1. Could you check the range 437-518 for helices (runs of 4 or more DSSP H) lying wholly inside it with 3 or more residues that are over 18 Å from A543 (Cα atoms) and open to solvent by less than 50 Å² (accessible area, probe 1.4 Å)?
2. Return the only residue of K295, K287 being open to solvent by 60 Å² or more (accessible area, probe 1.4 Å), of a type outside the set (S, T, N, Q) and outside any helix (DSSP H, G or I).
3. Check whether at least one residue in the range 397-409 is basic (K, R), over 35 Å from the mean Cα position of the chain (by Cα) and assigned to a helix (DSSP H, G or I), and report yes or no.
4. Kindly provide the set of residues from the range 349-378 that are open to solvent by 10 Å² or more (accessible area, probe 1.4 Å) and either of a type in the set (S, T, Y) or within 20 Å of the chain's Cα centre (by Cα) (or both), ordered by number.
5. Can you pull out every residue in the range 325-341 that is crowded, with 24+ Cβ neighbours inside 10 Å and either touching an Asp or Glu at 6+ places or on another chain (Cβ under 7 Å) or farther than 13 Å from I274 by Cα (or both)?
6. Taking the criterion of being under 36 Å from the mean Cα position of the chain (by Cα) and open to solvent by 60 Å² or more (accessible area, probe 1.4 Å), would at least one residue in the range 118-125 satisfy it?
7. Check whether at least one residue in the range 77-86 is open to solvent by less than 60 Å² (accessible area, probe 1.4 Å) and out of contact with any helix residue (DSSP H, G or I) (no Cβ under 9 Å at 6 or more places or on another chain), and report yes or no.
8. Residue under question is R173, and the condition is that it be without any contact (Cβ under 8 Å) to a residue 40 or more places away in the chain, at negative phi, among the basic types (K, R) and not in a loop (DSSP other than H, G, I, E, B); does it hold?
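The values are calculated or read from the model by the stated rules, or taken from the named source; none is laboratory data. Everything numeric here is computed off the predicted structure, so don't read it as measured data. A quick note on method: Cβ atoms are made from the backbone with ideal geometry, for glycine too, and the neighbour counts reach across all protein chains shown. Areas reflect the complete protein model, heavy atoms only, side chains present, ligands, DNA and RNA absent. Shrake-Rupley method; radii C 1.70, N 1.55, O 1.52, S 1.80 Å.
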Amino acid sequence: MKLIIREYLSMLRESKEFDAILPDLLFSMDIIPLTKPQIGVRQAGVDVAAIGPDENGIKTLWLFVLKRGDLGRRDWNGEPQSIRPSLDEIKDVYLRSHVNKDHCQFPVKIVVATTGDRKQEVEQDWAGYSHDNTIPDKRSYDLWNGDHIAALIEEHLLNEHALPFPQRANLRRALALIGETEYELEHYYALLTSLLQIDEQKTESDRVVIKKCLRTLRTTTLALGILCNWACNEENLRNGLLAAERTLLWTWNMLRKQKLNDNKKVMASYIRLIEIYLSYGATYFNKLQSHYQTKEGISRYYREAPLLNERVFEEIGLLSLFCTSHYFWGIVVKSEEHKKGALAVAESLHALIENHGCSGSPCYDGQIIDISLALVSLHACGKEDFAKSWLRELISRLTYTYRVGNWFPIATDSFDDLVDFESGEYDKDVTKLQETSWLVPTLAQWAAVLMEDEAYELLVGLQKNTLQHTCLQIWHPDEKTDASLFQGQALYESGISEAPIRLPDTAEEMREYIRQSRKESPIKEPFHSSAQMAGILFLDFIANRHFRVPIDPAFWQNLCIGQDIDTSSSDSNDSE
């Protein structure tokens, strides 16, 4: 395990990843950080200050200078952020004017922590400096290289208590297989299940539960970070992204069940997982962006139409999640950078749809989830005109494929059924492939709320002339949905299905129907998930895509009554 951690440290691509790991490690060692590291900013030479016992159990003031990669001559002296000037500043400025009076009596340990190694060329410089500036029992110096930090992480964050042997084996297997395109992450999911087990008996005090939860979050964050970096190294970013989604969802479910989703310390640790997801999503986006901008850029990797269609709509769903995640998180944390990021992703989503012809022809009924996520994203980012044109294209092609009886989106969402159907070898009653549809009524409602009346009327004609025996339905979440939305298939365990639906003759009648249904809904109260109330609305969308659960119709129906998407958050989420 130490070798795995050491390799992970060497693969860290950004200094902020190391900056985030160190405070977790210190907490696990009962050394409490007093400050958070800031990228490119040191307080009089110090990246992290902390109070806690040294190796002899003596309460000590710890001052850390962080360095990513190997420590060579230029890193030691010669650059604005070099180590020696920082150590001089700590000695001459920090210790004279920045130490809290309550900490003045403690001995000081100054540590240079690096993810790499100290090169031989600076060994004498380091030895001479630490020797000349050490004051016995008052000030000492230490250097933590990658091997030492890996050993500390193994001892304190991934020890036998936090990660028993079977789960260590699962982590190793997940890392070994992460590069395989067909790998379904079963070992990592088994690891998550073990880590996130909950004591339903509530036999422990709240303080103990919170402490255990924080330790679990730190271990989970580290495991996810290792897996995502391995996926990058193996050039299979998709598996890392799926792992990040599942980790966010299952971890939130644990916090929700433990009623810790309003605890500030716990939420601060959970936000680390959000940051990994957003950062890793940006890496995924940057790697594939050129394919989005190129005409049929994805098709070069897929010779068979069903596989290409699946891949394009999966990309539409993933890009929509990146867009909504940055957009709504930017609102919560008041970050213009996140909002700019969302607009950039929306541009690429636009390009992906425009450059890939199959984006107008879903092959599964369930792809309405990805379509709805995209429409929400495009609308939120001011691309309503393009959303309308794509919607018109979707409806035009849909009515044609149903009428000719071929290439229409099948209700079973089965790849085997799709291949047999499109090759003419489907040996069952073809009407079974169009027994039900979420896609048709959902597109009809989108057309109505976006004032695309002609497109809406095409679907009315389709139902009357071709889909007379198809059960059109829309699923609504209810008060039980939050208990299953972040765990798995909420569609089958909660909610109310509105079915069968008869489309009103005109779009205006549909708009009036929506207005009335918002007032007289069969569900007594509008659905607000625990994530939405905590300011993490996009977690609902991640659950919708990841577990293939229809999104709440309120996200488009509210446009009919002059309301936008609710981005409110509870006061408990101190995200800033």
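1. Working: elements: 439-449, 453-465, 482-485, 490-493.
The qualifying helices (runs of 4 or more DSSP H) are 439-449, 453-465.
2. Only one candidate passes the filter, namely K295.
3. Yes; the residues of the range 397-409 include at least one that is basic (K, R), over 35 Å from the mean Cα position of the chain (by Cα) and assigned to a helix (DSSP H, G or I).
4. Within the range 349-378, S361, Y364 meet the criteria.
5. Y327
6. yes
7. First, pick out the residues of the range 77-86 that are open to solvent by less than 60 Å² (accessible area, probe 1.4 Å): 82-83, 85-86.
Checking the rest, the ones that are also out of contact with any helix residue (DSSP H, G or I) (no Cβ under 9 Å at 6 or more places or on another chain) come to 85-86.
So far as the range 77-86 goes, yes, one or more of its residues are open to solvent by less than 60 Å² (accessible area, probe 1.4 Å) and out of contact with any helix residue (DSSP H, G or I) (no Cβ under 9 Å at 6 or more places or on another chain).
8. yes
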